[in-house]
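Working notes for the structure below.
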Amino acid sequence: MKKNGLRIKVLGISGSPRKNGNTEFLLSQALEAARLVDPEAVETELYSIAGKKYLPCIACSACAKTGECIRSKDDDFNDLRDRWLEADAVIVAVPVYHMGIPGQLKCFFDRLGNSLWSYRGSAGKHLKVYGAIAQGVHIFSGQENAIKEIINHALIMGNIVISGDPWESYIGGAGWTEKVSGKDALKSLYEKKSFDAEAAVKSARSLGKRVAELALIIKAGAMHYLNRLEKDPMFKPFVKRIKQG
């Protein structure tokens with residue numbers, strides 16, 4: 001534990017239906033870089049949606065009464081939701097599906113937003129630091145569009161988006177597997193010192209670093225200005241998380 005009590009948790013969400021693939025490879029790079037910012041203060045977790053079930057929102061509005069989604073008893077929604085609520089920062093990594101994000105992750109985003117914003121007790125600004133990573137088989141296969149979907153989700157939920165460092169990362173981390181479709185294609189290309197694979201890894205690592213740095217800065221500032229933040233109801237979910245440590 002840091003002497004000043006400052007600790008953050010960075011949650012990495014692998015939005016790929018496959019485990020141990022190219023998406024997880026880039027996400028792992030980002031999380032490692034985040035942890036290295038301050039190993040005593042930064043905790044990281046990689047959560048994969050592979051093998052999990054996320055039903056779509058049916059717009060029943062039952063969550064407006066309790067904050068709980070009635071479909072959560074039939075799938076894995078609550079598990080990821082609770083981890084998301086606890087995190088100070090979130091890095092979402094995805095493979096490109098039809099120029100966007102995989103449907104399973106979209107179902108989670110929809111229900112997370114609807115259930116939290118419909119219920120008065122959890123609506124407001126969460127102020128998590130967000131980073132996005134996307135990879136695909138082809139160089140122009142929708143990486144930036146997928147990243148923008150993640151960014152839009154982050155902003156809607158009252159969070160703060162940051163990128164890595166240019167030139168490799170303008171709005172997030174991105175990569176392609178040079179038309180190779182294997183699960184370990186990106187890692188293999190990186191080990192062979194492919195220029196594009198090295199750029200992808202560099203973008204992911206700079207993103208992870210900046211996410212952790214900003215999350216530490218925001219939490220330190222929040223601890224200093226907590227009395228002021230408590231007076232604004234829009235900061236209720238953020239203040240709740242800060243008080244929980």
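Applied to the stretch 165-182, the Karplus parametrisation 6.51 cos²θ - 1.76 cosθ + 1.60 on θ = phi - 60° returns per-residue 3J(HN,Hα) values of 9, x, 8, 5, 9, 9, 10, x, x, 8, x, 9, 9, 6, 6, 9, 9, x Hz, with x for Gly and Pro.
Taking semi-axes √(5λ) of the Cα gyration tensor in Å straight from the coordinates, which label in [x] 57, 23, 15; [y] 27, 20, 18; [z] 29, 23, 14 is the correct one? Recomputing semi-axes √(5λ) of the Cα gyration tensor in Å here picks out [z]. Work out from phi, with θ = phi - 60° and the Karplus expression 6.51 cos²θ - 1.76 cosθ + 1.60, the ³J(HN,Hα) of each residue of the stretch 95-109, listed in order in whole Hz, and give x for Gly and Pro. Running phi through 6.51 cos²θ - 1.76 cosθ + 1.60 with θ = phi - 60° gives x, 6, 10, 6, 6, x, 9, x, x, 4, 5, 4, 4, 5, 4 Hz.
For Ser48, the residues 5 or more places off, or on other chains, whose built amide H falls under 5 Å of its own are Ser14. In order along the stretch 9-18, the Karplus-derived 3J(HN,Hα) couplings, from 6.51 cos²θ - 1.76 cosθ + 1.60 at θ = phi - 60°, round to 10, 9, 9, x, 9, 8, x, 9, x, 10 Hz, and Gly and Pro are given as x. Charge tally around Cys107: other residues with Cβ under 11 Å, Lys/Arg +1 each, Asp/Glu -1 each, net +2.
By the rule of a C-alpha distance below 26 Å, with chain neighbours fewer than 8 residues away ignored, the lysines paired with Lys53 are Lys9, Lys19, Lys65, Lys73, Lys106, Lys128, Lys148, Lys183. The relative contact order of the stretch 18-162, computed from alpha carbon pairs under 8 Å that lie at least 6 residues apart in sequence, is 26 percent. For the chain, the longest principal axis of the C-alpha atoms and the axis of helix 195-224 are separated by about 20°. Taking amide H atoms as placed 1.01 Å from N in the peptide plane, the amide H of Gly172 lies under 5 Å from those of Gly164, each 5 or more residues away in sequence or on another chain.
Each reported figure results from applying straightforward, stated rules to the coordinates on display, with no laboratory input. In this text, all values refer to a predicted model and were calculated from it rather than measured experimentally. A quick note on method: Cβ atoms are made from the backbone with ideal geometry, for glycine too, and the neighbour counts reach across all protein chains shown.
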